[in-house]
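Asks: I'd like to ask some things about the structure below.
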Amino acid sequence: MVEPLHRRFFSSHKSLVTVFWIATFASLFIWQFGGVSTRGGALYRAGSVFWWSTTVSAGEFPRLRPFSFNLTDFGAVGDGLTINTDAFERAIFAISKLATKGGGQLNVPPGRWLTAPFNLTSYMTLFLAENAEILAVQDEKYWPLLPPLPSYGYGREHHGPRYGSFIHGQNLRDVVVTGNNGSINGQGKTWWKKYRQKLLNHTRGPLVQIMWSSDIVFANITLRDSPFWTLHPYDCKNVTITNMTILAPVFEAPNTDGIDPDSCEDMIIENSYISVGDDGIAIKSGWDQYGTTYGRPSKNILIRNLIIRSMVSAGVSIGSEMSGGVSNITVENVLIWSSRRGVRIKTAPGRGGYVRDITFRNVTLDELRVGIVIKTDYNEHPDGGFNPQAFPVLENINYTGIYGQGVRVPVRIQGSKEIPVRNVTFRDMSVGITYKKKHIFQCAYVQGRVIGTIFPSPCENLDRYDEQEQLVKQSDSQNVTDIDYEI
């Protein structure tokens, strides 16, 4: 008996999933335990490449700036109990005086360094040694209040001022936060509990937020347990995020997104592991009329070589705050496992803006509820001042090399009459399913094409092309709705 085509097609790609898992976790293991170790090397950057050279003796700090300081030189005590805010502030002030001389490096030795929030300065390297942990004080009275983000209208959760981030920076240039896999710990559990109990009067602060800055690098450290979004670059240019571990509980850690590029351009996120309580990565550009007025898109962002887990949200999201526009995004070589959703675009009437020129390539989905999602009715707004006729434009979205197993609904693209999804392309897709009923490739108001054979069978909204990209069948059902949230 000849095995059905779709089973043979999936079987070959199931093997690829296994190989991808092994290779990816081997790479992660090598990185974490020595293969890409940052033990005592020199760090330098060329374009988007960021690596170490020339080793020094164990226990020493690599010298990455002309001037170097140790946190203990300023009286810090790494016992997890002493508040070291003054030591951090005095050290960073000393570095701020060295901008014309190439800047300075602040070394954080092994220990648990408790501190209130503090600000970085330009031409600075913050280096966390192995077993160094910077701990955030949990009492919100130590956290400064800042004005609302201009592209959001007010604090994301409450009107009025918002809590600043634990590690903060504004109008900076040439900042590197790196180390030998030391960690920055937001100790967010207290914040999460107060949020659920509605005991906070202001929007929670991110763990790290860099605003209006350029030439920023995060590498070779762990970020964990943020009160809110974990790493939030806001209106920044030339940002590199590489070899990072970003962690929060996958349940009951609300809004702990991993990385949220917000109105950023020319950015790379690569070679990292993210397991958090909300979106692994969420690309944003402002909220409704405030984002439209601010007018700063997110564009030219490359996301590659990641492992992501998000039990309550999505591995990689675009939106829903995308009113300034999002374009030229590439997501490639990404494994999303044991998650609610894989890759998602979310928006709504009132957002305005656009999402265009998006490429998902070589994405592996393992044990997910929904694999690919486009949602156009994510109706959450800052206030009543939005324009309900401001319809976003969604176009030029490509999915190539999408593999997986154990996915309940591989595709759910929910366009609408007001917000149709245009020029979507699927090519080389094989996703094993757990739900055997029909309508697991769901579409509504979608125009696009399928090139070659994919599994599962696509919705009737899409044109069919052969492998040579010759039209085989043109759809006359682009506005057909086949969305079923009961599956």
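Asks: Straight-line reach from residue 141: which lysines fall under 27 Å, measuring Cα to Cα and dropping same-chain residues less than 8 apart?
Replies: Cross-link targets: 189, 193, 194, 198.
Asks: Follow-up question, since we're still on this one. Find how many whole Å separate the alpha carbon centroid of segment 87-151 from the alpha carbon centroid of segment 418-454.
Replies: 47
Asks: Here is a further query. Can you give me the pair-distance distribution of segment 333-487, C-alpha pairs, 5 Å bins, whole percents?
Replies: Calculated P(r), rounded to whole percents: 2, 9, 19, 22, 21, 15, 8, 3, 1, 0.
Asks: What residues have an amide H closer than 5 Å to that of residue 411, excluding those fewer than 5 places away on the same chain, when H is modeled at 1.01 Å from N in the peptide plane?
Replies: It is 371, 372, 442, by chain and number.
Asks: If you don't mind, there's one more thing I want to ask. I'd like the Karplus ³J(HN,Hα) series for segment 295-306: coefficients 6.51, -1.76, 1.60, θ = phi - 60°, whole numbers in Hz, and an x wherever there's a Gly or Pro.
Replies: Karplus-based 3J(HN,Hα) across segment 295-306 equals x, 10, x, 9, 7, 6, 10, 10, 10, 8, 6, 10 Hz.
Asks: Under 18 Å between alpha carbons, and skipping anything fewer than 8 positions from residue 436 in its own chain: which lysines qualify?
Replies: In chain and number order, the partners are 14.
Asks: Checking the a/c ratio against 1.5 first, then a/b against b/c, what shape does the Cα gyration tensor give for segment 194-250?
Replies: Oblate.
Asks: Got a sec? Charge dipole of the chain, +1 on Cβ for Lys and Arg, -1 for Asp and Glu; which of 245, 376, 430 is way out at the positive end?
Replies: Result: 430, furthest along the dipole toward the positive end.
Asks: Still on this structure, please answer the following. To the nearest 20 Debye, how big is the dipole of the chain about its Cα centre, given +1 on the beta carbon of each Lys and Arg and -1 on that of each Asp and Glu? Intermediate values should be presented prior to the final figure.
Replies: Values: 48 positive and 45 negative charges, 76 e Å.
It comes to approximately 360 debye.
Asks: Sticking with this one: What aspartates and glutamates sit close enough to residue 473 to cross-link, taking a C-alpha to C-alpha distance under 12 Å and skipping anything fewer than 8 places away on the same chain?
Replies: Candidates past the 8-residue exclusion: 460, 463.
Asks: Find how many whole Å separate the alpha carbon centroid of segment 316-381 from the alpha carbon centroid of segment 249-273.
Replies: Measuring centre to centre over Cα atoms gives 13 Å.
Asks: Carbon and sulfur together cover what percent of the accessible area of the chain at a 1.4 Å probe radius? Mind dumping the intermediate values first?
Replies: On the way: 9650 of 19320 Å².
Ligands and nucleic acids excluded, carbon and sulfur reach 50 percent.
Asks: Oh, and also: How much net charge surrounds residue 472 when only other residues with a Cβ under 13 Å from its Cβ are counted (Lys, Arg +1; Asp, Glu -1)? Present the calculation step by step, with values, prior to reporting the outcome.
Replies: Working: positive: 449, 464, 473; negative: 463, 466, 467, 469.
Net charge around residue 472: -1.
Asks: Ok, one more. Could you work out the Kirkwood radius for segment 69-473, taking every pair of different alpha carbons, averaging 1/r and inverting it, reported in Å?
Replies: Numbers: mean 1/r = 0.0460 Å⁻¹.
Averaging 1/r across every pair of different Cα atoms and inverting gives 21.7 Å.
Asks: Would you work out which of 105, 202, 135 lies farthest towards the positive end of the dipole of the chain? Charges go on Cβ: Lys and Arg +1, Asp and Glu -1.
Replies: Value computed over the given set: 135.
Asks: Moving on. Taking the dipole about the Cα centre of the chain, with the C-beta of Lys and Arg at +1 and of Asp and Glu at -1, give me whichever of 310, 220, 95 is farthest to the positive side.
Replies: Result: 310.
Asks: Can you bin segment 222-330 into rounded, prolate or oblate? Criterion: square roots of the alpha carbon gyration tensor eigenvalues sorted a ≥ b ≥ c, rounded for a/c under 1.5, prolate for a/b above b/c, oblate for the rest. Could the numbers behind the result be given before it?
Replies: Details: a/c = 2.04, a/b = 1.38, b/c = 1.48.
It comes out oblate by the Cα gyration axes.
Asks: Using the Kyte-Doolittle scale, which helices in the chain average at least 0.0 and also have C-alpha atoms spread 27 Å or more along the helix axis, with helices defined as whole DSSP H runs?
Replies: Result, helices passing both filters: 5-32.
Asks: Find the accessible area per residue for the chain; the probe is 1.4 Å, ligands and nucleic acids are left out, and the unit is Å².
Replies: Working: 19320 Å² over 487 residues.
On a per-residue basis, 40 Å².
Asks: Where Lys and Arg each count +1 and Asp and Glu each count -1, what net charge lies around residue 138 among other residues with Cβ under 13 Å from its Cβ? Write down the numbers at each step before the final one.
Replies: On the way: positive: 141, 189, 193, 194, 204; negative: 139, 140, 225.
Net of charged neighbours comes to +2.
The values are calculated or read from the model by the stated rules, or taken from the named source; none is laboratory data. Computed from a predicted structure; not experimentally measured. Counting neighbours? That spans all protein chains shown, and the Cβs are built from the backbone with ideal geometry, glycine included. For accessibility, only protein heavy atoms count, side chains too; no ligands or nucleic acids. Shrake-Rupley method; radii C 1.70, N 1.55, O 1.52, S 1.80 Å.
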